[in-house]
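The next block holds one structure in the form of structure tokens; read it before the comments.
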Amino acid sequence: MSQAPLVAGIELGGTKCVAILARGPDEILERVRVPTTRPEETLPALEAAIDGWRDFAALGIASFGPISIDRRSPDFGSITITTKPHWSHTDIAKRLGARYGVPVGFHTDVAGAALGEARWGAARGLGDLAYVTVGTGIGVGLVAGGRPVDGMTHGELGHVRPVRLAGDDWPGSCPFHGACAEGLASGTAIGARTGVEGQSLSPDHPVWESVTHALAQLLHTLVMTGVPRRIVMGGGVMVGNPFLLPVIRAGLRRSLGGYVALPEVEEIETFVVGAGLGADAGPLGAIVLGELALEQADC
């Protein structure tokens, strides 16, 4: 059996970037981490590290967004309009593709994480899944048939508007939508509402009722797309508060009301699960994006 090609993968995050040279989680040959400051600082630092790597056949980039993923668009491969200072209209994929002369896969960080979890993590062997990250913001990577679900652009399901918890009229923290899922249940929302980081709150703090309700509503929306055979949940809020997962599962079950009578969904403990790859979900997902780009180039 021929050995899988080496791929360079970059997770471009809001606070840090992680680049790896790998074939998978058991064969990571190089790793570098650089802070995400300004493009003119961060991108050259990544290039300085990757320049010393040899023999990689493709490059995958899993980036914070919003990003342009339409290869027909003049701004393909760039970050579009973002709240991250200095990064709007920053070209990423074209710049790095031209530098290294290899096929480039480019998508969101959450789509990358979903692909990584499907290949090696908590959704291993499944081609249809959703990865939900609950951290500073909320993002969803939706994958069907082993590829991200795309259309006009990538999904922004963290900004759907959930049915509100009865009696809860807090306006939410999202600067665009107020009480969307991100505005109600992200780490930023929890801090804005309580004045305390989520990891410092006790499990019986009243804020968790509204947080878990909003997240269960988000998962209800995902189930109704008909796509995921499993929903994987990660991000700092989930990892730092493991008691949330059973409450979200119970809320999802109540919200669905038995409507989706499929064994995969009814087995709620295996349908909604925690992430398996931890902090490596993004970089390893970028490796999968690079592999997909290489497959497409060979067609």
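The values are calculated or read from the model by the stated rules, or taken from the named source; none is laboratory data. Being a predicted model, the structure only gives us computed values, none of them experimental. Please note: Cβ atoms are built from the backbone with ideal geometry, for glycine as well, and neighbour counts cover all protein chains shown. Keep in mind that these areas ignore ligands, DNA and RNA; they rest on the heavy atoms of the full protein, side chains included. Shrake-Rupley method; radii C 1.70, N 1.55, O 1.52, S 1.80 Å.
Relative to the longest principal axis of the Cα atoms of the chain, the long axis of helix 207-224 makes an angle of roughly 60 degrees. Work through the residues other than LEU184 whose Cβ is under 14 Å from its Cβ and net out their charges, Lys, Arg +1 and Asp, Glu -1. Around LEU184, the surrounding residues sum to -1.
Need one word for the range 235-299: rounded, prolate or oblate. Basis is the Cα gyration tensor (sqrt eigenvalues a ≥ b ≥ c); a/c below 1.5 gives rounded, then a/b vs b/c decides. Verdict is oblate for the range 235-299. In a simple Cβ point-charge model (Lys, Arg +1; Asp, Glu -1; nothing else charged), the range 6-55 has a dipole of about 140 debye relative to its Cα centre. Recomputing Kirkwood radius over Cα pairs in Å from the coordinates shown identifies the correct label among (1) 19.5; (2) 21.6; (3) 20.3 as (1).
Note on ALA250/ARG147: beta-carbon distance plugged into 1/(1 + (r/R0)^6) with R0 of 30 Å gives a FRET efficiency of 0.40. For the range 114-249, the solvent-accessible area with a 1.4 angstrom probe is 43 square angstrom per residue.
If I take R0 = 30 Å and measure r between the Cβ atoms of THR270 and ALA192 in this structure, what FRET efficiency does the formula 1/(1 + (r/R0)^6) give, to the nearest 0.05? Let's see the in-between values first.
Numbers: r = 34 Å, r/R0 = 1.13.
The computed FRET efficiency comes out at 0.35.
Ranking LEU129, GLY112, GLY97 by Cα position along the charge dipole of the range 75-137, where only Lys, Arg, Asp and Glu carry charges on their C-beta atoms, puts GLY97 farthest toward the positive end. Rounded to the nearest 20 debye, the dipole size of the range 159-299 about its Cα centre is 420 debye, using +1 on the Cβ of Lys and Arg and -1 on the Cβ of Asp and Glu.
Taking the protein heavy atoms of the range 140-206 in the context of the full set of protein chains, the accessible area attributed to carbon and sulfur is 56 percent at 1.4 Å. Think of the chain as a dipole: +1 on every Lys or Arg Cβ, -1 on every Asp or Glu Cβ, centred on the Cα centre; then among ILE69, GLN199, VAL32, ILE69 lies furthest on the positive end.
What you get for the range 72-201, charging only the Cβ of Lys and Arg (+1) and of Asp and Glu (-1), is a dipole of about 380 debye around the Cα centre.
Rounded to the nearest 500, the helix-only mean residue ellipticity at 222 nm of the chain stands at -10500 deg cm²/dmol, with each DSSP H run of n ≥ 4 adding -39,500 (n - 2.57). The apolar share of the surface of the range 71-125, taken as the fraction of accessible area on carbon and sulfur atoms (1.4 Å probe, ligands and nucleic acids excluded), comes to 51 percent. For the peptides 82-89, 39-46, 157-164, the ranking by packing is 157-164, 39-46, 82-89, with the highest mean count of neighbouring Cβ atoms within 10 Å listed first.
In nm, to one decimal, how far is the GLU209 label point from the ALA261 one, both placed 7 Å along Cα→Cβ? About 3.3 nm separates the two model spin labels. Ligands, DNA and RNA left out, the 1.4 Å accessible surface of the range 1-61 is 49% carbon and sulfur atoms. Once each part is reduced to its C-alpha centroid, what is the distance from the range 62-76 to the range 226-273 in angstrom? Using only Cα atoms, the two centres lie 30 Å from each other. Averaging 1/r over every pair of different alpha carbons in the range 24-142 and inverting the result gives a Kirkwood radius of 15.6 Å. Where a ≥ b ≥ c are the square roots of the eigenvalues of the C-alpha gyration tensor, would you call the range 174-217 rounded, which needs a/c under 1.5, or, failing that, prolate if a/b is larger than b/c, or oblate? Oblate. You can think of it this way: the chain between LYS94 and GLU40 has 17.9 nm of extra reach, that is 0.36 nm per residue less the Cα-Cα gap.
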